[in-house]
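What follows is a set of notes on a single structure, which appears directly below.
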Amino acid sequence: MESHCKWVLIIGIWALVADAAVNDTASLRQHRYDYGPFNGSLELATDVITSDTKRGEGSAVQLPHEPHLIRSSVIFGLTKVANESNVSPSCHNHLKLVQRGVLSKQPWAIKVLDASGTKPSGFVFGQNYWLGSREACHGVQRPVGITLSRHYERVMHYSILTQSAPFEMDYRVIYLRHRSPWQVEIKVMSEQVLHIGLCLPSSCGSEEVKQLTRDYVADSSFAEDDIFDMKPEVLYMKDLQLSANFFQRLTFRLVVAAILVTGALMVCAQQLRVVKGADDPDQGLAPVESELWQAMDSLLKREPVQKFVSCFDLANNWKKIAAMRPNQPGEIPIMNGLRSVCAIWILTFHVMWYMYFTVHNKTLLLSYAEQLFFQYVSTAPLLVDVFFTISGFLQTYNFLRNTKQLEAVRLNGLWGNVKLFGKLLFHRYLRLGPLYLVVMGSVDLAFAYIGDVSVFHINERFDELCPQYWWRNVLFIQNLFDHQEMCANWSWSLACDMQFFLLANIVLFIYAKQPKLAKGLTLSGLVATITWSYGIGITSKFEFSFDSTYLTGTQIYTSPFVRVLPYIVGAIAAWFFQEKGFQLEMSERRTRRYWHLSLKVFVGCIYATVKRDLGTLITISLFVLGRGLFSLTVCWMIVGSAAGTGVWWSRLLEAKFFQHLNRLSYAIYLLNPLVIALVYSLTNTSSAADPFLLSVVCCGFSIIVYLASIAFSLAFELPYSNLSSLLLKGKPKTS
């Protein structure tokens with residue numbers, strides 16, 4: 001009985017397995033019947049290859065969709081123009097296999113076709129990014145890591161996930177300059193460059209592909225050339241691989257050395273803190289027996305070394321950055337808020353500016369910028385004048401308040417004042433230089449990296465400019481040259497500020513001895529910069545349009561002769577406040593009115609460029625006089641805050657939180673263009689300009705730049721500021 005049951009069970013299981021096999025076979029037959037040749041059967045591929053071989057390539061019968069593929073698909077067009085005379089045998093063989101695979105609809109070849117770029121819509125408004133899909137090309141080489149249940153019926157061929165190319169494939173981008181009159185030409189750098197992503201056999205060299213592309217576009221096979229009159233010219237090609245000499249760059253060694261030295265000094269500072277027996281017993285780095293540590297410990301016993309190393313104490317420096325204390329006498333608290341808000345505001349503008357080079361609707365992005373609602377973003381460069389005004393005010397205010405230094409200047413001879421002037425310059429360079437130089441080296445490295453691996457055509461190749469013109473940045477004179485030749489071109493304002501610092505100190509030294517002469521020089525400088533600005537603006541036919549602003553950048557935007565106006569206004573306001581004992585003797589109601597009026601004028605100057613097609617004379621008048629008025633409103637805010645008056649919004653700008661953000665404003669200013677450009681350049685696809693997306697992206701960049709600024713400030717700014725203060729304490733302030 002048991003034996004009988006066992007046989008019945010075995011027969012039942014066998015029947016079920018057989019039935020499942022029949023069902024699977026039926027399903028497979030049904031699948032092939034439903035989708036036929038779209039499954040890319042190897043039999044069909046073999047038939048096509050065999051028929052081509054028998055007839056010869058030149059006499060092969062064209063399939064109905066082949067002419068369309070030749071004209072619409074660049075990758076397929078390249079396979080057609082390839083022959084044994086213009087490419088290597090292996091490249092020729094692989095390209096022909098791609099061609100036949102596409103025609104026979106093999107899954108791997110269809111993925112190659114799909115991964116390579118074709119013309120998308122939006123060309124008229126700046127869609128030059130025909131990038132295809134970098135990830136899809138990688139999927140041609142290896143199976144895609146995704147698990148799909150076979151319990152559900154799908155209208156797809158599973159081989160598109162699993163089938164790989166029979167040879168190595170690479171994703172590369174070729175760049176063509178077009179001359180189509182059917183695209184809006186904005187004249188802001190070289191926007192008329194087509195980016196065409198191609199999934200190519202690795203056996204094809206870049207020069208071979210470039211030549212094939214030249215043959216293809218010259219052969220009248222490029223349909224888009226017929227329609228849009230592109231007249232494309234092949235520029236270059238990227239394999240998106242990091243070049244071998246990246247790690248051999250001098251800046252790589254210098255930046256790595258700066259990081260290692262700074263890290264070592266921070267470790268020494270921590271060890272010194274432990275040795276001195278700080279309050280916190282769990283600080284780490286307790287005494288060890290290593291000979292290296294013992295040598296370091298003996299070195300740290302020297303007092304000069306201790307003072308120097310203490311400048312790099314990470315814990316103390318963080319306390320200084322994070323400290324939010326009551327305002328001290330002589331401080332002007334609103335400056336913290338003005339600097340902080342303007343730094344974030346300019347960061348927002350840079351998000352839009354660098355987005356311009358990666359969006360495929362550039363025309364719409366600029367049209368948003370000209371709308372009334374977005375003027376606060378598009379005119380953010382005007383806020384640089386806030387920094388110039390504050391710098392001019394503080395430079396004069398602090399000089400006139402320092403009675404010991406002022407008396408020393410009066411008593412010193414020429415040589416004594418030259419030495420004092422040199423000391424002031426040295427300490428300013430010591431405070432600004434280290435972070436600036438490290439960021440400049442990072443800019444060179446970052447743009448060398450994205451120049452190799454980014455899918456985008458990089459207009460500003462700082463990795464080529466910095467090795468040539470680094471000395472201009474080191475001397476803070478880069479703004480005296482063409483703005484298209486600057487290394488880290490956003491540092492033009494730092495160069496202006498250093499130059500204004502030198503000029504202001506010269507005038508202040510003269511003021512200490514001959515006040516009338518200094519006043520005459522200041523007023524002459526004010527008249528001269530206004531006259532110069534009018535002359536340059538009229539000569540260059542300056543307008544508020546974006547193309548005019550960019551093309552006149554060297555003459556107007558970055559020129560110290562034009563941008564010195566707010567610095568002079570700030571210096572004059574400081575002189576009135578300090579020397580003349582300027583006081584706000586008016587009723588509280590009138591004071592509030594003036595505060596609110598200053599805000600209205602401030603906002604009015606921001607929105608004064610909403611109409612951008614005014615005549616040259618009106619435009620330059622708005623530019624010059626509007627900036628002067630803008631600086632006066634900032635001066636009113638500073639003087640009003642120093643006098644202890646204010647309204648609700650000025651009290652917000654005086655909040656203690658802005659003390660922390662103000663200490664990071666220099667790092668934020670230097671780092672935000674680098675971070676923004678790097679992130680945009682490392683994306684694999686272009687994006688669309690969208691106001692909501694822009695606001696979200698701005699929030700994200702603000703957080704990233706804020707965190708990066710903390711790290712760079714702790715490492716390369718605050719330690720040298722501490723060192724400057726240490727040197728000033730160790731020596732008398734007079735010569």
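The values are calculated or read from the model by the stated rules, or taken from the named source; none is laboratory data. Computed from a prediction, not measured in an experiment: that's the story for all the values here. Don't worry about glycine lacking a Cβ; one is built from the backbone with ideal geometry, like all the others, and counts go over all protein chains shown. All accessible areas refer to the heavy atoms of the entire protein, side chains included, with ligands and DNA or RNA removed. Shrake-Rupley method; radii C 1.70, N 1.55, O 1.52, S 1.80 Å.
Let me confirm something: among Gln211, Gln192, Gln163, Gln141, which residue is closer than 29 Å to Met355 by Cα and of a type in the set (S, T, N, Q)?
Values: Gln211 fails: closer than 29 Å to Met355 by Cα; Gln163 fails: closer than 29 Å to Met355 by Cα; Gln141 fails: closer than 29 Å to Met355 by Cα.
Of Gln211, Gln192, Gln163, Gln141, the one residue that is closer than 29 Å to Met355 by Cα and of a type in the set (S, T, N, Q) is Gln192.
Quick one: in the stretch 625-675, which of the residues that are under 30 Å from Ala711 (Cβ atoms) and hydroxyl-bearing (Ser, Thr, Tyr) is most open to solvent (accessible area, probe 1.4 Å)? Spell out how you get there, then give the answer.
From the stretch 625-675, those under 30 Å from Ala711 (Cβ atoms) are 652-675; that's our starting set.
Filter once more, keeping what is hydroxyl-bearing (Ser, Thr, Tyr): 665-666, 669.
Numbers: Ser665: 15, Tyr666: 32, Tyr669: 56 Å².
Applying the filter and picking the extreme gives Tyr669.
Among what's in the stretch 438-473 and is over 25 Å from Leu714 (Cα atoms) and aliphatic (A, V, I, L, M), pick the residue that is modelled with the lowest pLDDT.
Restricting to residues being over 25 Å from Leu714 (Cα atoms) and aliphatic (A, V, I, L, M), the top hit is Ile458.
Does the stretch 459-466 contain any residue that is under 19 Å from the mean Cα position of the chain (by Cα), surrounded by 18 or more Cβ atoms within 10 Å (Cβ to Cβ) and part of a loop (DSSP other than H, G, I, E, B)? Break it down stepwise before answering.
Residues of the stretch 459-466 that are under 19 Å from the mean Cα position of the chain (by Cα), as a first pass: 459-466.
Going one step further and asking which of them are surrounded by 18 or more Cβ atoms within 10 Å (Cβ to Cβ), we end up with 460, 462-463, 465-466.
Going one step further and asking which of them are part of a loop (DSSP other than H, G, I, E, B), we end up with 460.
Yes, the stretch 459-466 contains a residue that is under 19 Å from the mean Cα position of the chain (by Cα), surrounded by 18 or more Cβ atoms within 10 Å (Cβ to Cβ) and part of a loop (DSSP other than H, G, I, E, B).
From Leu383, Leu347, Leu338, which residue is assigned to a helix (DSSP H, G or I), under 30 Å from Thr685 (Cβ atoms) and touching a residue at least 40 places away in the same chain (Cβ under 8 Å)? Please lay out each step first, then the result.
Details: Leu383 fails: under 30 Å from Thr685 (Cβ atoms); Leu338 fails: under 30 Å from Thr685 (Cβ atoms).
After ruling out the rest, the residue left standing is Leu347.
Scan the stretch 632-661 for residues that are among the aliphatic types (A, V, I, L, M) and outside any helix (DSSP H, G or I) and jot them down. Before you say what the answer is, go through the steps one by one.
The initial filter retains those residues of the stretch 632-661 that are among the aliphatic types (A, V, I, L, M), namely 632, 634, 637-639, 642-643, 647, 652-653, 655, 661.
If the condition is that a residue be among the aliphatic types (A, V, I, L, M) and outside any helix (DSSP H, G or I), then Ala643, Val647, Ala655 are the ones that fit.
Write out, first by first residue and then by second, each pair whose Cβ atoms fall under 7 Å of each other, whose residues are 6+ apart or on separate chains, and whose first residue, in the stretch 544-555, is over 17 Å from Cys496 (Cβ atoms) and in a helix (DSSP H, G or I) while the second is open to solvent by 50 Å² or more (accessible area, probe 1.4 Å) and modelled with pLDDT under 80.
What qualifies is Asp547/Lys187; Leu551/Lys187.
Just to check your reading of the model, which residue among Trp470, Trp490 is among the hydrophobic types (A, V, I, L, M, F, W, C) and touching a Pro at 6+ places or on another chain (Cβ under 7 Å)?
Details: Trp470 fails: touching a Pro at 6+ places or on another chain (Cβ under 7 Å).
The unique qualifying residue is Trp490.
Suppose we filter the stretch 680-702 for residues that are of a type in the set (A, V, I, L, M) and assigned to a helix (DSSP H, G or I); how many remain?
Of the stretch 680-702, the ones of a type in the set (A, V, I, L, M) are 682, 688-689, 693-694, 696-697.
Retained after the next criterion (residues that are assigned to a helix (DSSP H, G or I)): 693-694, 696-697.
Result for the stretch 680-702: 4.
Where in the stretch 96-186 are there helices (runs of 4 or more DSSP H), lying fully within it, with 1 or more residues that are at pLDDT 90 or above, touching a helix residue (DSSP H, G or I) at 6+ places or on another chain (Cβ under 8 Å) and over 23 Å from Ser206 (Cα atoms)?
Working: elements: 107-115, 134-141, 159-162.
Correct list: 107-115.
Restrict the check to the stretch 612-620 and report whether at least one residue is under 24 Å from Gly392 (Cα atoms) and open to solvent by 20 Å² or more (accessible area, probe 1.4 Å).
Kept after step one, since they are under 24 Å from Gly392 (Cα atoms), are these residues of the stretch 612-620: 620.
Then keep just the ones that are open to solvent by 20 Å² or more (accessible area, probe 1.4 Å); that gives none.
Among the residues of the stretch 612-620, not one is under 24 Å from Gly392 (Cα atoms) and open to solvent by 20 Å² or more (accessible area, probe 1.4 Å), which makes the answer no.
In the stretch 198-210, how many residues are closer than 21 Å to Leu682 by Cα and exposed (fewer than 14 other Cβ atoms within 10 Å of the Cβ)?
Looking only at that region, the number is 0.
I'd like the residue in the stretch 556-568 that is open to solvent by 20 Å² or more (accessible area, probe 1.4 Å) and assigned to a helix (DSSP H, G or I) and, out of all such residues, is farthest from Lys611 (Cα to Cα).
Kept after step one, since they are open to solvent by 20 Å² or more (accessible area, probe 1.4 Å), are these residues of the stretch 556-568: 557, 561, 564, 568.
Of the ones still in play, those that are also assigned to a helix (DSSP H, G or I) are 557, 561, 568.
Details: Tyr557: 19, Phe561: 26, Ile568: 28 Å.
Checked the stretch 556-568; the qualifying residue farthest from Lys611 (Cα to Cα) is Ile568.
Do we find that Ile259 is in contact (Cβ under 8 Å) with a residue 12 or more places away in the chain and open to solvent by less than 20 Å² (accessible area, probe 1.4 Å) in this structure? Spell out the reasoning first.
Working: in contact (Cβ under 8 Å) with a residue 12 or more places away in the chain: yes; open to solvent by less than 20 Å² (accessible area, probe 1.4 Å): no.
Against the criterion (in contact (Cβ under 8 Å) with a residue 12 or more places away in the chain and open to solvent by less than 20 Å² (accessible area, probe 1.4 Å)), Ile259 does not qualify.
Taking the stretch 149-176 as the search range and keeping residues that are closer than 30 Å to Asp225 by Cβ and of a type in the set (D, E, K, R), which one is least open to solvent (accessible area, probe 1.4 Å)? If you could, list the steps in order and put the result at the bottom.
Filtering the stretch 149-176 down to residues closer than 30 Å to Asp225 by Cβ leaves 165, 169-176.
Okay, now just the ones that are also of a type in the set (D, E, K, R), so 170, 172.
Numbers: Asp170: 59, Arg172: 12 Å².
Ranking the qualifying residues of the stretch 149-176, first place goes to Arg172.
Any idea which residue in the stretch 211-239 is least open to solvent (accessible area, probe 1.4 Å), counting only those that are of a type in the set (Val, Ile, Thr) and touching a strand residue (DSSP E or B) at 6+ places or on another chain (Cβ under 6 Å)?
Looking only at the stretch 211-239, we keep the residues that are of a type in the set (Val, Ile, Thr), and these are 213, 217, 227, 234.
Retained after the next criterion (residues that are touching a strand residue (DSSP E or B) at 6+ places or on another chain (Cβ under 6 Å)): 213, 234.
Values: Thr213: 2, Val234: 19 Å².
Here the residue is Thr213.
Using the structure shown, decide if Val184 is open to solvent by less than 50 Å² (accessible area, probe 1.4 Å) and aliphatic (A, V, I, L, M).
Values: open to solvent by less than 50 Å² (accessible area, probe 1.4 Å): no; aliphatic (A, V, I, L, M): yes.
Spelling it out, it is not the case that Val184 is open to solvent by less than 50 Å² (accessible area, probe 1.4 Å) and aliphatic (A, V, I, L, M).
Determine whether Glu224 is assigned to a loop (DSSP other than H, G, I, E, B), of a type outside the set (Phe, Trp, Tyr) and closer than 21 Å to Tyr129 by Cβ.
Values: assigned to a loop (DSSP other than H, G, I, E, B): no; of a type outside the set (Phe, Trp, Tyr): yes; closer than 21 Å to Tyr129 by Cβ: yes.
So Glu224 fails the test.
Consider Glu224 against the criteria (1) within 15 Å of Gly117 (Cα to Cα); (2) at pLDDT 90 or above; (3) of a type in the set (D, E, K, R): it satisfies all of them except one. Which criterion is unmet?
(2)
Please go through (1) modelled with pLDDT of 95 or more; (2) outside any helix (DSSP H, G or I); (3) of a type outside the set (Phe, Trp, Tyr) for Leu435 and return the number of the only condition it doesn't satisfy.
So the condition that Leu435 fails would be (2).
Quick check, is Leu103 touching an Asp or Glu at 6+ places or on another chain (Cβ under 8 Å) and in contact (Cβ under 8 Å) with a residue 24 or more places away in the chain? Give the derivation first.
On the way: touching an Asp or Glu at 6+ places or on another chain (Cβ under 8 Å): yes; in contact (Cβ under 8 Å) with a residue 24 or more places away in the chain: yes.
Judged against the criteria, Leu103 is a match.
Please pick out the residue among Arg401, Arg428 that is surrounded by fewer than 19 Cβ atoms within 10 Å (Cβ to Cβ), within 13 Å of Leu508 (Cα to Cα) and in contact (Cβ under 8 Å) with a residue 12 or more places away in the chain.
Working: Arg428 fails: within 13 Å of Leu508 (Cα to Cα).
The match here is Arg401.
I need a count of the residues in the stretch 350-373 that are open to solvent by 30 Å² or more (accessible area, probe 1.4 Å) and under 16 Å from Tyr607 (Cβ atoms).
Number satisfying all stated conditions: 5.
Name the single residue, out of those in the stretch 78-92 being of a type outside the set (A, V, I, L, M) and touching a strand residue (DSSP E or B) at 6+ places or on another chain (Cβ under 9 Å), that is least open to solvent (accessible area, probe 1.4 Å). Working first, answer last.
Just the residues of the stretch 78-92 that are of a type outside the set (A, V, I, L, M), to begin with: 79-80, 83-86, 88-92.
From what is left, the residues that are touching a strand residue (DSSP E or B) at 6+ places or on another chain (Cβ under 9 Å) are 90-91.
Working: Ser90: 55, Cys91: 0 Å².
Looking at the filtered set, the residue picked out is Cys91.
Please indicate, with yes or no, whether at least one residue in the stretch 445-457 is charged (D, E, K, R), part of a helix (DSSP H, G or I) and over 29 Å from Asp239 (Cβ atoms).
Checked the stretch 445-457: no residue is charged (D, E, K, R), part of a helix (DSSP H, G or I) and over 29 Å from Asp239 (Cβ atoms).
Taking Thr609 as the residue in question, decide whether it is assigned to a loop (DSSP other than H, G, I, E, B), within 27 Å of Leu338 (Cβ to Cβ) and of a type in the set (Ser, Thr, Tyr). Outline the logic, then answer.
Working: assigned to a loop (DSSP other than H, G, I, E, B): yes; within 27 Å of Leu338 (Cβ to Cβ): yes; of a type in the set (Ser, Thr, Tyr): yes.
Yes; evaluated as a whole, the condition is true for this residue.
Restricting attention to the stretch 518-543, which residues are open to solvent by less than 20 Å² (accessible area, probe 1.4 Å), in a helix (DSSP H, G or I) and closer than 20 Å to Lys611 by Cα?
Step one: list which residues in the stretch 518-543 are open to solvent by less than 20 Å² (accessible area, probe 1.4 Å), which gives 518, 529, 533, 537, 542.
Now narrow it down to the ones that are in a helix (DSSP H, G or I): 518, 529, 533, 537.
Matches in the stretch 518-543: Gly537 only.
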